[in-house]
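Working notes for the structure below.
Readers should treat all values here as calculations from the given coordinates under stated rules, not as data from a laboratory. Please read these numbers as outputs of a predicted model, since none were measured by experiment. Quick reminder, even Gly has a Cβ in these numbers, built from the backbone with ideal geometry, and neighbours come from all protein chains shown.
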Amino acid sequence: MAKLRNLPAYVGRSFLGGVGAVGGTTLFMLLGLSRIFSSAKIFPRTFRQLYVIGYQSLFVILLIGIFCGMVIGLQGYYTLVRFGSVGFLGSAVSLTLIRELGPVLTAIMLTGRAGSSMAAEIGVMRITDQIDALDVLDIHPMSYLVSPRLLAAMISFPLLTAIFDVIGIVGGYLTGVLMLDINEGAYFYRIASSVEMSDVAGGFIKALVFGLLVTTVCCRQGYNTHRRRDSAGPEAVGNATTSAVVISCVLILASDYVLTSFLL
C-alpha cells in the first residue's frame, strides 16, 4: 500500500524531470547556436570539427552505405520478383535510402563515432577543470566547445547523408544489375522517374535535425558530467558518454517518426 501511495509522487517527479531535461537541452542548443557568429575565431575550430566529424567518419559511411544498398537490393529483388515488378528495384532502393535509411543510419553511425568522442572529450575537460579555466581566461565555454561542433554537424550530417545515399544506390546496382541481371537502363530510369526534389529535401532536413540533436545531447552530457548523481570522476565520463549515445539514438528514431509524419 505504501508503494501504491508513493506511485503518483514517483510519476510526478519523473514527468517533471523529463520536462526539465527537455527544456535544459533546448536552452543549451539555443545558447550554442546563438554563439556561432559571436566571433570570427570560431571558424578555425569549426574546420577542425569538420575534419573530426566529417572526414574521419567518411570511411565508415562508405562501408555501411555500400553494404546497406546491397542488402536492400537483394531483399527488394526477391520481394518484387513475386509480383513481377523487378523493374521497380531502382525506385525501391533509392526511395528507401533517400527518405529513411540514409539520414537515420548516417546519424546513428556518427553518434557512435563522433558523438561519443564529443561527450568523452568535453567530460574529461570538465572533471579536470579545463572548462573552469576557460572562464578564468574570459573565453566563453559554449563558444569554444559547443558552437563549433554544432556548426560542423550542421554541415557534415547532410553531406555525409548524401554520400551514404549515393553509395547505397551504387550498392543496389551491384546487387541488382551485376549479380541478379536486372536491366541497367530500367534500374536508373526508375530512380530518375521516382525520386523527386521533395524526397531529397526531406532527407536533408532530417539529417540537419539529427545533427543538431546528436551534437546538443552529446555536448550537454559531457558539459554536465560533474552534475551526475550516479558517479563521479572518470566513471562519470564513461556514464555520460554511454548516456549520450543511448539518448541520441532514441531521439533520432523518435524525431524521424515525427518528421516523416510532417514531410509525407
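Ordering Asn183, Gly84, Pro44 by Cα displacement along the dipole of the chain toward the positive end leaves Pro44 in first place; charges were set at the Cβ atoms of Lys, Arg (+1) and Asp, Glu (-1).
Counting Lys and Arg as +1 and Asp and Glu as -1, what is the net charge of the other residues whose Cβ lies under 12 Å from the Cβ of Glu100? Cβ neighbours under 12 Å give a net charge of -1. Helix 197-223 against the longest principal axis of the chain: what's the angle in degrees, Cα atoms only, rounded to the nearest 10? Helix 197-223 and the main axis of the chain meet at about 30 degrees. Answer with one residue from Gly54, Ser94, Ile72: the one whose Cα lies farthest towards the positive end of the charge dipole of the chain, charges on Cβ with Lys, Arg +1 and Asp, Glu -1. Of the options given, the answer is Gly54. Could you give the longest part of the chain that holds none of the trypsin sites (Lys or Arg not before Pro) found in DSSP loops with at most 12 neighbouring Cβ atoms within 10 Å? Maximal segment without exposed cleavage sites: 42-228.
Among residues other than Asp135 with Cβ under 15 Å from its Cβ, the summed charge is -1 (Lys and Arg +1, Asp and Glu -1).
The ranking of Phe28, Phe157, Phe188 by Cβ neighbour count inside 10 Å, starting from the fewest, reads Phe188, Phe28, Phe157.
Is the C-alpha gyration tensor of the stretch 118-224 telling us rounded, prolate or oblate? Criteria: a/c under 1.5 is rounded; beyond that, a/b larger than b/c is prolate, otherwise oblate. Since a/c reaches 1.5 and a/b is larger than b/c, the shape of the stretch 118-224 is classed as prolate. Could you tell me whether the stretch 13-81 comes out rounded, prolate or oblate from its Cα gyration tensor? Rule is a ≥ b ≥ c as square roots of the eigenvalues, rounded for a/c under 1.5, then prolate if a/b exceeds b/c, otherwise oblate. Judged from the Cα gyration tensor, the stretch 13-81 comes out oblate (a/c at least 1.5, b/c at or above a/b). Helix 234-263 and the long axis of the chain differ in direction by around 50°, with both axes built from C-alpha atoms. Per-residue ellipticity at 222 nm, computed for the chain from helices alone with -39500 (n - 2.57) per DSSP H run of at least four residues, works out to -25000 deg cm²/dmol. When restricted to Cα atoms, the chain yields an Rg and a Dmax of 21.7, 71 Å, respectively. Expressed as an acute angle from 0 to 90° and rounded to the nearest 10, what is the orientation of the C-alpha long axis of helix 116-127 relative to the principal long axis of the chain? For 116-127 against the chain, the angle is about 10 degrees.
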